[in-house]
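Reviewing the structure listed below.
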Amino acid sequence: MNKIIVVGSINMDIITRVAALPQTGESIAGKSVEYLPGGKGLNQAVACAKMGAETILISRLGNDVFATALADFIKQHHIDTTYLKPSAKESGTAFITVDDDGQNTIVVVPGSNADVGIEDISEIPISKGDIIICQFEIPLSTITALFRRAKQAGARTILNPSPIQAIPEELLKLTDVLIVNETELGFIKGENLDDDTTVETIARIADKTKSRPEQIVIVTLGCHGALVVEDTAYQIHGHPVQAIDTVGAGDCFAGVIASQLLNNKCLRDCVTTANKAASVCVTRKGAAPSMPMAHEIF
């Protein structure tokens, strides 16, 4: 039976609710503070597991008061932790400010996630048909080594390069499915893309991002859904909802894409399902805890 292998970060998210996001140099009063499990790796693993996919999470747990709570949360979601290792560093931490419109700013401190190294992925059993998904909250050298192993084994690779930084040429070539938002796509290609950029322009730039003809680029567009660029480009429209917290929406989307690809669904159906899942995610507080169950989508 094939599986999803998520290699990525585990964070404790410290979330402050405010009426409006502060401007540079401004001090404001917060409404509340919460401590919720997160990190892009954990978020995506939870999204996969809640869709019913067999999911392995590879990461590092910190050496502090947050580690036990994070480990307990992971076990509650029936995620395979066989290859989860400890670190002498503090847990990864994300400081998140969320306003009344559900928009957010995030500062991430890597902590133990910086210790996820090549030795952590060297013993993972990878089979033909497995799906490997990574983000950019762990060292890029680890991701590249993992994707090399994955391609040699006949597994499919998904890269969600967030927080965005330059993607090494080898890593991009080893990626089967690249999932980015329009801002991240703009960074990769040196273009200024935002909410006002036309879908046609985004499609053209996404096509230029492909390192090989069969590579797939998926650009998330928030409430406008997602743009898929494979042989041709097409848009899957979103599901307008009253968002209260957009933290984790992109991870929900990526994790559900992986789960549906594992079930051999066509790409259009995968993206449609992922859009539905993300629309549920943004109506809830937190990152990993907000991921929907399969019965809420189908």
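If only residues of the range 210-235 that are among the charged types (D, E, K, R) and open to solvent by 60 Å² or more (accessible area, probe 1.4 Å) are counted, the one that is farthest from Lys276 (Cα to Cα) is Glu214.
Within the range 33-58, the set of residues being at positive phi and in contact with a strand residue (DSSP E or B) (Cβ under 8 Å, 6 or more places away or on another chain) comprises just one member, Gly39.
If you go through the range 247-291 and keep only what is farther than 19 Å from Ile79 by Cβ and charged (D, E, K, R), you end up with Lys265, Arg268, Asp269, Lys276, Arg284, Lys285. Going through (1) under 22 Å from Cys48 (Cα atoms); (2) within 15 Å of the chain's Cα centre (by Cα); (3) among the β-branched types (Val, Ile, Thr) one by one, Ile124 falls short only on (2).
Looking across the range 262-291, just one residue is surrounded by fewer than 21 Cβ atoms within 10 Å (Cβ to Cβ) and either touching a Cys at 6+ places or on another chain (Cβ under 7 Å) or at positive phi (or both), and that is Asn264.
Residues considered: Lys173, Lys208. Of these, the only one that is out of contact with any strand residue (DSSP E or B) (no Cβ under 8 Å at 6 or more places or on another chain), farther than 23 Å from Leu146 by Cα and basic (Lys, Arg) is Lys208.
Is it the case, given these coordinates, that Ile124 is open to solvent by less than 10 Å² (accessible area, probe 1.4 Å), at pLDDT 95 or above and within 21 Å of Ala258 (Cβ to Cβ)? No. So which residues in the range 127-146 are farther than 22 Å from Thr82 by Cβ and open to solvent by less than 60 Å² (accessible area, probe 1.4 Å)? Phe136, Leu140, Thr144, listed by residue number.
Output yes when any residue across the range 203-213 is under 18 Å from the mean Cα position of the chain (by Cα) and at pLDDT 95 or above, and no when none is. No, because not a single residue in the range 203-213 is under 18 Å from the mean Cα position of the chain (by Cα) and at pLDDT 95 or above.
The values are calculated or read from the model by the stated rules, or taken from the named source; none is laboratory data. All values derive from a computational prediction rather than experimental measurement. Using ideal geometry, Cβ is built from the backbone for each residue, glycine included, and neighbour counts are taken over all protein chains shown. Surface accessibility is based on the protein's heavy atoms, side chains included, excluding ligands, DNA and RNA. Shrake-Rupley method; radii C 1.70, N 1.55, O 1.52, S 1.80 Å.
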